[in-house]
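For reference, the structure discussed in these notes is given below.
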Amino acid sequence: MKMIRLFCIALLCCPAAPATFTYAQAATQAVPGDTYNHLMTAMEKEITGAADAMPADKYNFAPTQGEFKGVRTFGQQVKHLAESNYDFFDGWNIPGAVKEADIEKLTSKADIMKALKDSYTFAHSALSTITAANAFTIEGSGEHQYTRGGLAAFCIAHSMDHYGQMVVYLRMNGIVPPASRQGGM
């Protein structure tokens with residue numbers, strides 16, 4: 001009886017061994033930058049979809065009723081995201097950085113949309129530099145020290161925060177965000 005039990009346990013464990021090896025092998029080959037880029041791509045689609053859905057004549061819209069005193073306009077939200085995508089990775093020596101002042105000057109929807117898309121291209125370039133060896137490298141100085149992985153995660157979370165605000169602005173203007181439409185994004 002003991003032999004049968006041991007044999008059954010051995011049979012049950014054997015198929016798991018190749019799967020465990022394959023998983024462990026894949027995990028060591030995974031590049032953290034790929035994971036961050038995948039998450040950023042999802043946010044980028046929602047953000048650019050929302051930014052594109054707002055008509056150009058509504059880019060100056062900001063809520064006025066309720067507790068919205070002093071909030072950014074829709075266009076300012078989009079510009080802020082573009083600026084932030086550069087700011088988060090400042091100092092990483094990624095080519096193509098744009099100055100905040102250059103984005104602040106933009107007024108047309110087309111120019112703001114281009115700046116937003118370009119900022120995501122830049123952010124993806126930065127995220128692609130994150131490896132298993134440098135993901136926990138400290139960036140910044142003083143009170144503003146972060147790991148590369150932490151900064152990447154915060155950049156993605158920042159996009160999520162502003163996406164939520166953009167959705168409110170869209171809905172206040174009778175526009176269903178593309179990600180919420182039938183079939184979504």
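The values are calculated or read from the model by the stated rules, or taken from the named source; none is laboratory data. As the structure is a prediction and not an experimental result, all values here were calculated from the model. Please note: Cβ atoms are built from the backbone with ideal geometry, for glycine as well, and neighbour counts cover all protein chains shown.
Report yes if some residue within the stretch 129-138 is in the same structural domain as PHE61 (by TED's automatic domain parsing), in a helix (DSSP H, G or I) and closer than 16 Å to LEU39 by Cβ; otherwise report no. There is no residue in the stretch 129-138 that is in the same structural domain as PHE61 (by TED's automatic domain parsing), in a helix (DSSP H, G or I) and closer than 16 Å to LEU39 by Cβ. Does ASP90 satisfy the condition of being assigned to a helix (DSSP H, G or I), of a type in the set (D, E, K, R) and in the same structural domain as LYS45 (by TED's automatic domain parsing)? Criteria not met by ASP90.
For the stretch 100-137, filtered to residues that are hydrophobic (A, V, I, L, M, F, W, C), free of Cβ contacts under 8 Å to residues at least 40 places away in the same chain and in contact with a Ser or Thr (Cβ under 9 Å, 6 or more places away or on another chain), the residue that is surrounded by the most Cβ atoms within 10 Å (Cβ to Cβ) is ILE103.
Could we say that VAL168 is assigned to a helix (DSSP H, G or I) and out of contact with any Ser or Thr (no Cβ under 9 Å at 6 or more places or on another chain) here? Criteria met by VAL168. Taking the numbered list (1) modelled with pLDDT under 95; (2) exposed (fewer than 15 other Cβ atoms within 10 Å of the Cβ); (3) among the aliphatic types (A, V, I, L, M) in turn, ALA97 passes all entries but (2). Criterion applied to ASP111, ASP118 was being of a type in the set (Asp, Glu), under 26 Å from ASP34 (Cα atoms) and not in a loop (DSSP other than H, G, I, E, B), and the one residue passing it is ASP118.
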